[in-house]
Each structure stands twice: as structure tokens, then as C-alpha cells.
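The values are calculated or read from the model by the stated rules, or taken from the named source; none is laboratory data. Computed from a predicted structure; not experimentally measured. Cβ atoms come from the backbone with ideal geometry, glycine included; neighbour counts cover every protein chain shown. What goes into the accessible areas is simple: the full protein's heavy atoms, side chains included, and nothing from ligands, DNA or RNA. Shrake-Rupley method; radii C 1.70, N 1.55, O 1.52, S 1.80 Å.
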Amino acid sequence: ITILSHGSLRILNASKSDEGRYLCQGVNIFGSAEIIASVSVKEPTRIELTPKKIELTVGESIVLSCKALHDSTMDVTFYWTLNGQPIDFEKEGGHFESIKAQASSADLMIRNILLMHAGRYGCRVQTAADTVSDETELLVRGPPGPPGVVIVEEITDTTATLSWSPGADNHSPISLYNLQARSPFSLGWQTVKTVPDLISGDMESAMAVELNPWVEYEFRVVATNKIGTGDPSAPSRVIRTNEAVPKTPPANPVSEEFQSGEGFGYIVAFRPNGTRGWKEKMVTSSDASKFIYRDESVPPLTPFEVKVGVYNNKGDGPFSPIVVICSAEGEPTAAPIDVKATSLSVSEILVAWKHIKESLGRPQGFEVGYWKDMQQEEAAEKVKTEGNESSILLTGLEGNTLYHLTVRAYNAAGYGPPSTAVHAATKKSPPSQAPGNIMWIQDGSHVSLGWEPVRPLANESDVMGYKVLFRQEGQSNSQVIETQKTSAVVLLPDVGVYIIEVCAVSEGGDGTASPQIRVPSFSGKVTFIFESMVIIAMLINSVILYQKNNVVTTL
């Protein structure tokens, strides 16, 4: 205990025995003054931060635990820091969370650790009497950082020698490098073949091989360690490989990627099949995809051997495989013969023909032209067939109309002469009148039907007969009875209610159907009986219902 010169009292290495009330009194000739101070001695605060040194891999999680031993009469407050700076838990994207389970301890949860989370983590504990702190070191292993600038040391037509400086290994040694290239013709960055084949982590240069001549490239390097593959380096400057003789034979137009230099073009070589000498023609457009050679003395369909080569300012490249093609065929010279047109219905005509085989103009198909009687041939509608078809059904025609028709062959060279025109008229329309005054008598499952004949109009087809259509109620498919008379007997096959209709039949098709009749059936087998008049069964001691115009009368 020491009294200082200005009157203060200093107590070193205080203990519990130093607690109490201290009186300081000052005296002079005029009198005295005093002050009393109360002194409390508390236990010192101590902390323990664990673990002391941590090594983790990117993506892992850890909990740092900070425990405080302090005087039980005082409250404690915990603070967390990273590299001396307070951690802002709201701005760290959910990676950090402060957990306080007890009054004398606090935990720091670090989730999904990133490389940027490496450093010194501090725990500071503060009371009203003192402040203490402790630190632990967190080391984060991760994929390598991006390598340094990529330099193109040397360039040839198919190779590029590159060098770079290593990036950060992030506490895991670099095991290998990967070389990537990009050109105007690639889909983004692509891994390229190199010499050596595998670029070990201690190397800082390699050669990219099997590049295409006369193509602009950028290069970059990617490092890998046992943790993973890191971000790529910045791209190198754009370089162009040297020119070379083309190496790609044409199949389609050769893209700029494989032209290998300036002055690119094609060499078309051809000769008649079976001869020795080649005739060659230069095609200077790199975008060309065809060449036409004209020689009026060459007969149609003459076989030629053909091959196509490539060249540029560096020289001639390879030729494509030889193929055999024929000179263009001529237009068909013969018109189809034996052309026939047959009317099938109110809207259909069947056209058939024969074709004479010829040596020069093989037809690819036939064209049928057709026009109405009051129209000019120039207004004809046309429809084509393909291959060796020898007939076609024309549909969608107007009824009761006379049509003129011609047929001609065609191929890639053009059209042959038309045949002599033939004529056919579509059928008249079917009768518009429905069978009327339908009468029917039912005896069990037998139904006898009779109706008045249909009288077609002048512009309608003649009646050739009638159809009786019947089906069970609820079904869509009808059974059909055909008759040339105005009566019929139907045996309904199954129990149920049947729908019956009658329509006229003509060359132009089926006419308008009669109103539907609903008839119940109780049993029976299918039997069709045709009569010239409605059969009325006179049964002794029986009651027969006669229906006419929906009026039921007891006979």
C-alpha cells in the first residue's frame, strides 16, 4: 500500500482482505475535510476458447466454444471478432450464428465455410471490472486459386507453347493443370490435348497440340488439387495459328475452321465412267456447295466419276472419295396413254393411265390437270402423284358437272407433254326427299315396314333402291338392309329399344334419311324378309297395334 505524492492511495496485488471503507482526510490551518471510499475486490475473469487451431475444408462447418470463469456477482458480455474486426452476423449470408446456451459461455457456429472465412477468431469477455480475450486460428483448405497470366511463348500451324505462374494452393498442393482453348468456332472453352499429356502441379508451361491452322485462339489454365478444381486464369491474348495446306476433304462446304489459310477453294475433278484422264475445274468461292458443268454433247444419264478436293495459298489438300453420278436426265418425252376417267360419285372421279418407258426422261411422278366444261384449260387445277402410281382419285368436285382431264409425266428436268384430254361428269346429287308416310307393324321381334317411294328432282340422281338402317339405342353402328322395293321386314336380334331409319340409294350416294322410329324388342334372331307391300299378320284372338303417323289404333 503506497500513498502517492498527490495524496492518492495505491493498492497493489489486491485481495479480499483489502475490502472495506477507506477514509481520506485533509487538514490545514483553517480546518479539515474528508472523503470515504468503499472498495470491493472481485475474482479476476478468465476465459477458455476451443479448439485452439483448426484446419477445415471448404464446405465444412465448425463450432467455436468460449467459456468464462468470472465473479458470480457480475454479469458478462461476449463479443466475437475475425481478424480483429467485429463479426456482423446479419451481413454474413447465414454463415455465422452466435449461440449462447448458458450465462457463462457462448458458441460461434460457422456453416458451409468458404476460403474467405480463414483467419484469427477472437472471443472477448467483458465485465464491469475487467475485459479479457482469447484467439484461435482457422485454416481453410480449398481448390486452388486462379493461375497467373498465361503467356503464349511460341505458335505453329497446329501447336502453341504456353507458360503461366501458379496461383494460391489454398493449403492443398496443386496436383495437375488443365489447358483450355476458345475459338470463334467452339462452344465456349474446351479442353485441348497437350504435351505432356498430363501437366503436373509443379509445371509452369506446356504445349497445346492438334490445333487447327489459321484459327484465332485464346487460352487459359485451370489448377486442381485433392479438394477440387479452382477458378480458371484470365484468358491469354488472342493469337492465330499459322497457315497450312488443308487437311479436311470436303463432304459439305468446308467451314472456315478447317480451311487452314487464305485463298481457300475447291477442285472439282470428273471423268466419264471407265476412262483414265481427269478433267479439273477450280471453284474459288469457299462458300460454294455445287458446280455445274455444261456440255451439250454429253447424253442424258451418262455416268461420271466425280471427286472434290480443296486448296489454299499453301497448296492442294486431299480429295473426297470418288462417287459415280449421272449427267442430268431430259424431260419426259412421251405422254401417258390409255387415259380413262370414271365418275364414282357426286364429288369423285377416278383417273387411270399407262406410261411408255423411255430412255431419256424417267418420270418421278405424274400431274393430273382438270377443269370444268365452261372453263379454259389454263384455269385447270392440278394434283401430283409420286413414283410409279398409275391412278388417282379426284375428290371435292362439284356434282352433276362435266370435267376435262389430262395427265403428264414430270421429273427434275421438267414436264413432259400432256395426254389427250378425256371427259367425265360427276354424278347428280342424291335425292333430297326422305322416304315419307312410313308405316310399321310389330309382332314380337318382327317389324314390318312400308313407305311411299321417293321422287327425285330433275337435278338429282334416280332412285336405285332403299336402305333400312337399324341400331340399338345408345349404340353408334347401324345394321343395314338394302332393297329395291318400298317395304321390308326386320327381325330385331336382341332385347332393347331400336332406332330405325330409311333412306333412298342412288348413283350420287345415299339420300336424306327418314325421321327415326323407336321400336322395342323382346327377343329373336336376325332375319331379313323383303315384301312388295306391308305384311299385316292376321292372328286369331290377337290384338295388333297399327301405327301410322305416330297414332296408335287397335285393330
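Kirkwood-based Rg over Rh for the chain (C-alpha set), two decimals?
Rg divided by Rh gives 1.40.
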With a 4.7 Å Cβ cut-off, tell me which Cys residues in the chain come up empty for a partner. 24, 326, 503
Cα-Cα over 29 Å: which of 279/314; 279/384; 354/427; 281/357? 279/384; 281/357
Only Lys, Arg, Asp and Glu count, each charged at its Cβ (+1, +1, -1, -1), so figure out the dipole size of the chain about its Cα centre, rounded to 20 debye. 720
Using alpha carbons only: equivalent-ellipsoid semi-axes of the range 46-141, gyration tensor based, whole Å: 25, 13, 11
Would you work out the Kirkwood radius for the range 151-241? I mean one over the mean of 1/r across all pairs of different Cα atoms, in Å. 13.3
Answer rounded, prolate or oblate for the range 282-339, using the Cα gyration tensor with square roots of eigenvalues a ≥ b ≥ c: rounded when a/c is under 1.5, else prolate when a/b is larger than b/c, else oblate. prolate
Contact order relative to length for the chain, counting C-alpha pairs under 8 Å separated by 6 or more residues, stands in percent at 7
What's the center-to-center distance, using Cα atoms, between the range 292-321 and the range 172-201 in Å? 41
Just to be sure I follow the definition: excluding the sites themselves, where is the longest run in the chain that has none of the trypsin sites (Lys or Arg not before Pro) in a DSSP loop with at most 15 other Cβ atoms within 10 Å? 358-484
So what's the net charge close to residue 366: Lys and Arg +1, Asp and Glu -1, counting the other residues with Cβ under 10 Å from its Cβ? -1
Amide H of residue 432 versus every other amide H placed in the peptide plane: which residues, excluding those fewer than 5 positions away on the same chain, fall under 5 Å? 457
Expressed in nanometres to one decimal, the distance between label points 7 Å along Cα→Cβ at residue 53 and residue 134 is 1.7
Give me the net charge of residue 324's neighbourhood, meaning all other residues with Cβ under 13 Å from the Cβ of residue 324; Lys, Arg count +1, Asp, Glu -1. +1
Would you grab the residues whose amide H sits under 5 Å from the one on residue 403? Only those 5+ places off in sequence or on another chain, please, with H modelled 1.01 Å from N. 424, 425, 426
Using the Cα gyration tensor of the range 410-526, with a ≥ b ≥ c the square roots of its eigenvalues, what is the shape: rounded (a/c below 1.5), prolate (a/b larger than b/c) or oblate (neither)? prolate
Please give the Cα centre distance for the range 385-456 versus the range 122-160, rounded to the nearest Å. 89
Using each residue's phi in the range 262-273, evaluate 6.51 cos²θ - 1.76 cosθ + 1.60 at θ = phi - 60° and report the 3J(HN,Hα) Karplus result to the nearest Hz, with x for Gly and Pro. 7, x, 6, x, 10, 10, 9, 10, 8, 7, x, 4
Reachable lysines, given that their alpha-carbon falls under 23 Å from the alpha-carbon of residue 100 and they are not under 8 places away in the same chain: 52, 53, 67, 91
Using the Karplus equation 6.51 cos²θ - 1.76 cosθ + 1.60 (θ = phi - 60°), what ³J(HN,Hα) coupling, rounded to whole Hz, does each residue of the range 494-509 give in order, writing x for Gly and Pro? 10, 6, x, 9, 10, 9, 10, 9, 10, 9, 7, 10, 9, 4, x, x
Please list, ordered by chain and number, the residues whose modelled amide H lies under 5 Å from the amide H of residue 71; skip anything fewer than 5 residues away on the same chain. 43
Solvent-accessible heavy-atom area per residue, rounded to whole Å², over the chain at 1.4 Å: 58
Which whole-Hz couplings ³J(HN,Hα) result when phi for each residue of the range 404-411 is put into the Karplus expression 6.51 cos²θ - 1.76 cosθ + 1.60, θ = phi - 60°, listed in order with x for Gly and Pro? 9, 9, 10, 10, 9, 7, 8, 8
Heavy-atom accessible area with a 1.4 angstrom probe orders 446, 95, most exposed first, as 446, 95
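Once you have a ≥ b ≥ c as the square roots of the Cα gyration tensor eigenvalues for the range 216-351, tell me rounded if a/c is under 1.5, and otherwise prolate or oblate according to whether a/b is larger than b/c.
Oblate.
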Separation of alpha-carbon centers, the range 51-113 and the range 11-38, rounded to whole Å: 43
Unit charges at the beta carbon, dipole of the chain: most positive-side option, 334, 365, 476: 476
Considering only the other residues whose Cβ falls under 13 Å of the Cβ of residue 41, what net charge follows from Lys and Arg at +1 and Asp and Glu at -1? -3
Counting only protein heavy atoms and a 1.4 Å probe, tell me what percentage of the chain's accessible area is made up of carbon and sulfur. 51
If you place +1 on the Cβ of every Lys and Arg and -1 on the Cβ of every Asp and Glu, how big does the dipole about the Cα centre of the range 252-328 come out, in debye to the nearest 20? 320
